[in-house]
Amino acid sequence: MRERKISESTIHRLSHYYRALNTLEKEHFETISSKELAKREKLTPAQVRKDLSFFGSFGTRGLGYPVKELKGRIAKILGIDRTWNVALIGVGNIGSALVSYKEFQRQGFNIKVLFDSDQRKIGSNHKGITVLDTDHLEEELQKNKIELVVLAVPASAAQNIVDHVVHCGIKAILNFAPIKLKVPDDVEIRTENMAMELEYLSFTLVNNKKGERKKT
Ligand code: ATP
């Protein structure tokens, strides 16, 4: 692979291609043209070809891309051709919902350990996983070979926990706490703020940004 920086939007498009190919495979398609894949993803064929050529040569001119092989290669590029050990910290409303979310498991994100600081929750069981005390966070992260952390604690607790998590050598964090957290440059953190997403939608509603609503 060429040593060029891959943009965030390219990575997101790869995730979309992966899902489209998954559907195509279930529909028993053996090949797909860049034109058809582009149509499904509402992109231009040139964009699809450019994205895929970035990672080497796929497909044959005139025949299109082999669905199964392309899906496998994209999975490898995205690092989802393997499983990841995940820890979830904060087993409140959002945390418990995430433990039950089957898509994580299906995609190879294996939630191995749960943590909370609430004595009433420590020792309780969620989907067969026992909630551990955050007092033992660092040793348990290491013991369970955790590679990715999901954070679902209140904003007030988040930075302190992230500092511990980073100290353990974790390089990838998905944060649901509604706060911007500081991490070193070599740590990737994604913050999912659902209230902000709703705010965005409310903005589009009050500003009539997306389409004209039908006048009755
Ligand atoms: P949610 O925010 O998920 O809707 P909630 O309203 O039940 O959950 P929060 O106050 O947001 O509760 O806390 C989320 C979870 O994080 C709770 O289970 C809480 O006990 C836990 N928590 C709070 N502080 C810490 C901490 N310092 N370390 C670990 N877990 C914590």
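The values are calculated or read from the model by the stated rules, or taken from the named source; none is laboratory data. None of the values given here were measured: they were computed from a predicted structure. Positions of Cβ are generated from backbone atoms using ideal geometry, with glycine treated the same way; all protein chains shown enter the neighbour counts. Just the protein is used for accessible areas: all its heavy atoms, side chains included, with ligands, DNA and RNA removed. Shrake-Rupley method; radii C 1.70, N 1.55, O 1.52, S 1.80 Å.
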*Does Lys76 satisfy the criteria of being in a helix (DSSP H, G or I) and under 17 Å from Tyr18 (Cβ atoms)?*
yes
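Quick grid of which residues meet (1) of a type in the set (S, T, N, Q); (2) in contact (Cβ under 8 Å) with a residue 24 or more places away in the chain:
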residue	(1), (2)
Thr10	yes, yes
Arg13	no, yes
His16	no, yes
Glu27	no, no
Among the residues of region 102-117, the number that are outside any strand (DSSP E or B), open to solvent by 70 Å² or more (accessible area, probe 1.4 Å) and away from the ligand (no atom under 13 Å from the Cβ) is 3
Among the residues of region 118-167, the number that are open to solvent by 50 Å² or more (accessible area, probe 1.4 Å), free of Cβ contacts under 8 Å to residues at least 40 places away in the same chain and within 10 Å of the ligand (Cβ to nearest atom) is 7
Within region 66-96, the residues that are of a type outside the set (Gly, Ala, Ser), within 16 Å of the ligand (Cβ to nearest atom) and either farther than 19 Å from Val153 by Cα or free of Cβ contacts under 8 Å to residues at least 60 places away in the same chain (or both) are Asn93
Expected output for region 97-117 (first residue small (Gly, Ala, Ser), partner open to solvent by 60 Å² or more (accessible area, probe 1.4 Å), Cβ below 7 Å, 6+ apart or cross-chain) is Ser100/Lys127; Gly108/Arg82; Gly108/Thr83; Gly108/Trp84
query = Taking the stated definitions as given, is Ile89 closer than 30 Å to Ile161 by Cα, open to solvent by less than 30 Å² (accessible area, probe 1.4 Å) and in contact with a Ser or Thr (Cβ under 9 Å, 6 or more places away or on another chain)?
reply = yes
Regarding region 12-28, can at least one residue be identified that is under 20 Å from Asn175 (Cα atoms) and either away from the ligand (no atom under 16 Å from the Cβ) or out of contact with any Leu (no Cβ under 9 Å at 6 or more places or on another chain) (or both)?
yes
Asn193 vs (1) away from the ligand (no atom under 16 Å from the Cβ); (2) in contact with a Pro (Cβ under 6 Å, 6 or more places away or on another chain): all pass except (1)
Here the residues within region 153-205 that are assigned to a helix (DSSP H, G or I), among the β-branched types (Val, Ile, Thr) and either within 24 Å of Phe104 (Cα to Cα) or at pLDDT 95 or above (or both) are Ile161, Val162, Val165, Val166
When region 1-49 is checked residue by residue, the ones that are outside any helix (DSSP H, G or I), of a type in the set (A, V, I, L, M) and open to solvent by less than 100 Å² (accessible area, probe 1.4 Å) are Ile6, Ile32, Leu43
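Residues to consider are Glu188, Glu138; find the one that is touching a strand residue (DSSP E or B) at 6+ places or on another chain (Cβ under 9 Å) and of a type in the set (D, E, K, R). Lay out the reasoning, then the answer.
Working: Glu138 fails: touching a strand residue (DSSP E or B) at 6+ places or on another chain (Cβ under 9 Å).
Of Glu188, Glu138, the one residue that is touching a strand residue (DSSP E or B) at 6+ places or on another chain (Cβ under 9 Å) and of a type in the set (D, E, K, R) is Glu188.
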Thr31 passes all but one of the listed conditions (1) closer than 18 Å to Leu78 by Cα; (2) of a type outside the set (Asp, Glu); (3) modelled with pLDDT under 95; the exception is number (1)
